[in-house]
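Taking it in order: structure first as structure tokens, then the write-up.
The values are calculated or read from the model by the stated rules, or taken from the named source; none is laboratory data. Note that the structure is a prediction, hence the values are computed from the model and not measured. Side chains are part of the model used for accessible areas, which takes the heavy atoms of the whole protein and leaves out ligands, DNA and RNA. Shrake-Rupley method; radii C 1.70, N 1.55, O 1.52, S 1.80 Å.
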Amino acid sequence: MTGREPQRENDLFFVCSVIEVIGRKTKNRRGAVVQALGDAAIERLLALADVFHCEPVEHTAADLIAQHGIAVGDFDNAASCKYNVPTHFDIAKVYKRLIVAVADAQHITLADALRQVYTSWISESISDYNSSMYFENPQYLYASYCAGKPIED
């Protein structure tokens, strides 16, 4: 075993990073970014992530903002953060793990799981950098997602 991440997970990580950068640049909730991009763009990003990966994530995000006319919103979770703002890669890793768990458990595509997760209640919780949700362990996040709310001990 090489310790390398499977290609599909690496591709998903890149797409989640792009979504996070777009959300921060345009001050939009991540579910709104996913909806603005649409199904075709999400599936294209996943299919061609290894090609897009040659460019900085910020460049790909800027191109998508322009192509899809994503307007500036009013959701600035980085500015309202009272602590250290996690990097877009930190947040992408959280989403990637959860999306893979959802896709595998439900036997659906990564694109379908991505849409489900980003447009669910948990995306709001992960995007609240003043809460602990974004740094909870993957099993807790998945169990909470399935429960439809944060689970209690």
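Heavy-atom accessible surface of the chain, averaged per residue, reaches 52 Å², computed with a 1.4 Å probe.
Full-extension gain between Gln139 and Lys27, please, as 0.36 nm times their residue separation minus the C-alpha to C-alpha distance.
Taking Gln139 through Lys27 to full extension adds about 37.4 nm, to one decimal.
Where the centre of each part is set by its Cα atoms, how far does segment 92-153 sit from segment 40-77, in angstrom? Each part's Cα centre sits 21 Å from the other's. On the chain, 52 percent of the accessible area sits on carbon and sulfur atoms, based on a 1.4 Å probe. For the pair Leu48 and Ala79, the difference between a 0.36 nm per residue extended length and the Cα-Cα distance amounts to 8.0 nm.
Our estimate of slack between Ala71 and Trp121, defined as 0.36 nm per intervening residue step minus the Cα-Cα distance, is 15.8 nm. From the helices alone, meaning DSSP H stretches of at least four residues, give me the mean residue ellipticity at 222 nm for the chain, per-run term -39500 (n - 2.57), in deg cm²/dmol to the nearest 500. So the helix-based figure for the chain works out to -20000 deg cm²/dmol.
Listed by number, the DSSP H helices of the chain that run 20 Å or longer by alpha-carbon position along their axis and have mean Kyte hydropathy of at least -0.5 are 7-26, 30-47, 88-106.
Here is the P(r) of the chain: all C-alpha pair distances, binned every 10 Å from 0, give 11, 43, 36, 9, 0 in whole percents.
Each residue of segment 37-113 gets 126 Å³ once the volume of the Cα convex hull is shared out per residue.
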